[in-house]
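Written below as structure tokens is the structure these notes are about.
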Amino acid sequence: MIKNERQYRITKAQAEKFQSALKQLQADPAESASLHPRLRQAEADALESQWASLQAEIDDYEALLNGQQKSFSLGSFDELPIALIKARIASGLSQRELAGRLGLKEQQIQRYEATEYASASLSRVSAVIQALNVQVREEVFFSA
């Protein structure tokens, strides 16, 4: 998952490299004539797969930035950290701006997001929810 503009730029550059390599492979069959056709196809499939994966991450990030996604359904509490990162992006806040709202340094938000809030206390997660103006609906089920 792309979490900030820096990662976005890096991912876009990587996607462009994979796409270029794939086009080059398809455009110049003479260069790889010494390769067995199955190896050539495997190489093309690998490049296509990597490009598609990176492009999906780019599309998801851009959809958040463009306001195309305003809510997230969680299957479990474990999915809350990713939802908070998505909510920050969708609200148009940078990591620096969120840190400012919380009275923290940008690096702390970067660490929280890099580890998907693993080191954050419940009170810190609650403060992030409030700073993002996110509504979280909770349901608790008990098994008898």
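The values are calculated or read from the model by the stated rules, or taken from the named source; none is laboratory data. This structure is a prediction, so every number in the text was calculated from the model and none was measured. Every residue, glycine among them, receives a Cβ derived from its backbone with ideal geometry; neighbour counts consider all protein chains shown.
Counting the residues of region 5-59 that are under 30 Å from GLN95 (Cβ atoms), surrounded by 15 or more Cβ atoms within 10 Å (Cβ to Cβ) and among the small types (Gly, Ala, Ser) gives 1.
Please state which of the following conditions PHE142 fails to meet, knowing it meets all the rest: (1) farther than 15 Å from ILE2 by Cβ; (2) assigned to a helix (DSSP H, G or I). It fails just one condition, (2). Taking the numbered list (1) out of contact with any helix residue (DSSP H, G or I) (no Cβ under 6 Å at 6 or more places or on another chain); (2) touching a residue at least 40 places away in the same chain (Cβ under 8 Å); (3) of a type in the set (Lys, Arg) in turn, ARG40 passes all entries but (2).
Among the candidates LEU74, LEU84, LEU80, single out the residue that is surrounded by 17 or more Cβ atoms within 10 Å (Cβ to Cβ) and either farther than 21 Å from ARG6 by Cβ or in contact with a Lys or Arg (Cβ under 6 Å, 6 or more places away or on another chain) (or both). If you could, list the steps in order and put the result at the bottom.
Details: LEU74 fails: surrounded by 17 or more Cβ atoms within 10 Å (Cβ to Cβ); LEU84 fails: either farther than 21 Å from ARG6 by Cβ or in contact with a Lys or Arg (Cβ under 6 Å, 6 or more places away or on another chain) (or both).
After applying the criteria, what remains is LEU80.
Would it be correct to say that VAL128 is β-branched (Val, Ile, Thr) and either touching a Cys at 6+ places or on another chain (Cβ under 9 Å) or modelled with pLDDT of 95 or more (or both)? Yes. From the list TYR117, TYR61, TYR112, the one residue that fits, being aromatic (Phe, Trp, Tyr) and within 24 Å of ALA13 (Cβ to Cβ), is TYR61. Restricting attention to region 115-144, the residues that are over 17 Å from GLU79 (Cβ atoms), in contact (Cβ under 8 Å) with a residue 12 or more places away in the chain and among the hydrophobic types (A, V, I, L, M, F, W, C) total 2.
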